[in-house]
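Data block below; observations after.
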Amino acid sequence: MKLWLALMCVVSLGMASMTEAVFEKARQEKKLVWVFVELPTCPWCAKMHKEVVESGVYARALSASYVLVRMEGKEARELGFNVAHFPTSLLIHPVSQKVVELLPGYMKVEDFVEYLTLVYDLEKDGL
């Protein structure tokens, strides 16, 4: 149990912040960038983060295709992202650095994984 908790801390602390290094990592690894925009007081944000990231779904199903960046709503707006609902997932192409999909609101885990897989499959040839 202690090992699992330690690994979760490393995973949480290892999430990238929005820098050129994120895009470089994504380009080198042929991945898209998933920006998870949340608010500290948002219960739906906490629920989605718990169900997708903390549960290991991201590590098992999405980490091969996406570099994850967690960001608060204020920071997202300061960077020019048009985010009005929380949580919001921004899927960004690392070469063009353009948002290819903006998914506002909570999604069930199965639907979220299926949708992100579909987006990756559509974009992977350009990575």
**Asked** Do you know which of the residues in region 1-33 that are outside any helix (DSSP H, G or I) and either of a type in the set (G, A, S) or modelled with pLDDT under 95 (or both) is farthest from the chain's Cα centre (by Cα)?
**Response** M1
**Prompt:** Would region 53-60 turn up any residue that is in a helix (DSSP H, G or I), basic (K, R), over 13 Å from the mean Cα position of the chain (by Cα) and surrounded by 13 or more Cβ atoms within 10 Å (Cβ to Cβ)?
**Reply:** no
**Message:** Can you tell me which residue is farthest from S55 (Cα to Cα) among those in region 84-107 that are of a type outside the set (A, V, I, L, M) and without any contact (Cβ under 8 Å) to a residue 40 or more places away in the chain?
**Reply:** S96
**Complete:** If we ask which residues in region 71-86 are within 16 Å of G105 (Cα to Cα) and part of a loop (DSSP other than H, G, I, E, B), their number turns out to be 6
**Asked** Of T88, T41, which residue is buried (at least 19 other Cβ atoms within 10 Å of the Cβ), polar (S, T, N, Q) and out of contact with any helix residue (DSSP H, G or I) (no Cβ under 6 Å at 6 or more places or on another chain)?
**Response** T88
**Item:** Residues within region 87-127 that are more than 14 Å from the chain's Cα centre (by Cα) and not in a helix (DSSP H, G or I), tallied
**Value:** 6
**Request:** Give me a count of the residues in region 85-107 that are out of contact with any strand residue (DSSP E or B) (no Cβ under 8 Å at 6 or more places or on another chain) and aromatic (F, W, Y).
**Result:** 1
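The values are calculated or read from the model by the stated rules, or taken from the named source; none is laboratory data. If you're wondering where the values come from, they're calculated on a predicted model, not measured in any experiment. All Cβ positions, even for glycine, are placed from backbone atoms using ideal geometry, and neighbour counts span all protein chains on display.
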